[in-house]
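Participant: Structure below; questions to follow.
Bear in mind these aren't lab numbers, they're just calculated from the coordinates by the rules spelled out. Small disclaimer: the values here were computed from a predicted structure and weren't measured. Note that we place each Cβ from the backbone using ideal geometry, even for glycine, and neighbour counts take in every protein chain shown.
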Amino acid sequence: MTGTGWAALAAAALLAFAMQARGDEPKSPGGVKAMPVAVAPGAVPDATVPPRDPSRGSVTTLPLPRYVSLKTNEGNARRGPGLTHRIDWVFTRAGMPLRITAEFEHWRRVEDAEGVGGWVHYSLLSGVRTGLVMLDMAEFRTLPDPDAPVAFQAEVGVIGRILRCDPGWCRMSVDGQRGWVQSGALWGVGTDEVIE
């Protein structure tokens with residue numbers, strides 16, 4: 001930009017500032033209120049930047065909310081995304097399913113089945129999908145069919161690894177046993193979610 005161009009830009013900015021100080025708002029030719037835009041020297045404003053999708057993580061662009069599991073036997077849930085924030089909760093079960101609801105740099109805001117949680121460092125989380133049994137003596141069947149034979153039962157609070165999910169049913173491994181359970185008996189998976 002030439003010296004004359006810079007002078008014109010500075011004069012326009014000064015005029016807009018003076019008008020705003022007097023209470024006059026700059027207007028476009030159609031009478032619509034004009035808003036000054038700061039642009040770096042030599043840069044062209046980019047009007048093609050799409051707004052961020054709130055259903056996707058700002059860091060990973062993976063869907064929000066989504067389920068993960070706790071990788072270790074202990075995970076501190078903090079009030080905010082950083083080591084300087086107070087610890088509000090400590091998760092103490094490896095494999096516990098958690099729901100990620102937000103992302104910030106290396107931190108993920110998570111909650112458990114009771115809605116308790118906070119910000120956890122991403123290194124404490126695993127993409128391995130697990131499910132928490134929410135139904136007393138949930139029946140795990142040999143096939144994804146309510147009339148199929150029962151392979152075993154599991155109490156409330158049991159955690160198992162999800163091997164596969166079809167709409168309404170999940171195949172899980174619990175303490176070396178495998179079977180199909182209705183997804184409504186679990187926390188850590190959507191009712192009609194498909195996992196292959």
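Participant: Only sites in a loop by DSSP and with at most 10 other Cβ atoms within 10 Å count here; which trypsin sites (Lys or Arg not before Pro) in the range 71-157 make the cut?
Facilitator: Numbers: sites: LYS71, ARG78, ARG79, ARG86, ARG93, ARG99, ARG108, ARG109, ARG129, ARG141; in loops: LYS71, ARG79, ARG86, ARG93, ARG129.
When the trypsin sites (Lys or Arg not before Pro) of the range 71-157 are filtered for loop state and at most 10 Cβ neighbours within 10 Å, ARG86 remain.
Participant: Normalised by the empirical 2.2 N^0.38 Å for globular proteins, what value does the Cα Rg of the range 82-196 take?
Facilitator: On the way: Rg = 15.4 Å, N = 115, 2.2 N^0.38 = 13.4 Å.
The reported ratio for this selection is 1.15.
Participant: With 16 Å as the cut-off, how large is the P(r) tail for the range 52-99, expressed as percent of Cα-Cα pairs? Each step should come with its number before you reach the end.
Facilitator: Working: 620 of 1128 pairs.
Value for the range 52-99: 55 percent of Cα pairs lie more than 16 Å apart.
Participant: Taking every pair of Cα atoms in the range 131-187, average 1/r, invert it to obtain the Kirkwood radius, and report Rg/Rh to two decimals.
Facilitator: Working: Rg = 9.5 Å, Rh = 10.7 Å.
In the range 131-187, Rg relative to Rh is 0.89.
Participant: When Lys and Arg each count +1 and Asp and Glu each count -1, what net charge do the other residues less than 14 Å away from HIS85, Cβ to Cβ, add up to? All intermediate terms of the calculation are to be shown ahead of the outcome.
Facilitator: Details: positive: ARG78, ARG79, ARG86, ARG108, ARG109; negative: ASP88, GLU105.
Its environment carries a net charge of +3.
Participant: What is the set of long-range amide H partners of ALA77 at a cut-off below 5 Å, with H atoms built 1.01 Å from backbone N?
Facilitator: ASP88, TRP89, VAL90, PHE91
Participant: I'd like the distance separating the alpha-carbon centroids of the range 130-196 and the range 55-120, in whole Å.
Facilitator: Rounded to whole Å, the Cα centres lie 24 Å apart.
Participant: Additional query: Near GLU196, within a Cβ-to-Cβ distance under 15 Å, what is the net charge of the other residues, with Lys and Arg +1 and Asp and Glu -1? Present the calculation step by step, with values, prior to reporting the outcome.
Facilitator: Details: positive: ARG129, ARG161, ARG164, ARG171; negative: ASP166, ASP192, GLU193.
After counting each charged neighbour, the total is +1.
Participant: From the mean inverse distance of alpha carbon pairs (Kirkwood) and the Cα radius of gyration, derive Rg over Rh for the range 66-128. Walk me through the intermediate numbers first.
Facilitator: Details: Rg = 10.0 Å, Rh = 11.1 Å.
Checking Rg against Rh, the ratio lands at 0.91.
Participant: If we count every other residue with Cβ under 11 angstrom of TRP169's Cβ, Lys/Arg +1 and Asp/Glu -1, where does the sum land?
Facilitator: So the surrounding residues net to -1.
Participant: Determine the relative contact order of the range 67-122: mean sequence separation of Cα pairs under 8 Å and six or more apart, normalised by residue count, in whole percent. Spell out each step's value before the answer.
Facilitator: Details: 126 pairs, mean separation 20.1, N = 56.
For the range 67-122, the relative contact order is 36 percent.
Participant: Starting from 0.36 nm per residue, how many nanometres of slack lie between ARG86 and THR191 once their C-alpha separation is accounted for? Before the final figure, lay out the partial values.
Facilitator: Working: separation 105, 0.36 × 105 = 37.80 nm, distance 3.44 nm.
So the extension gain works out to 34.4 nm.
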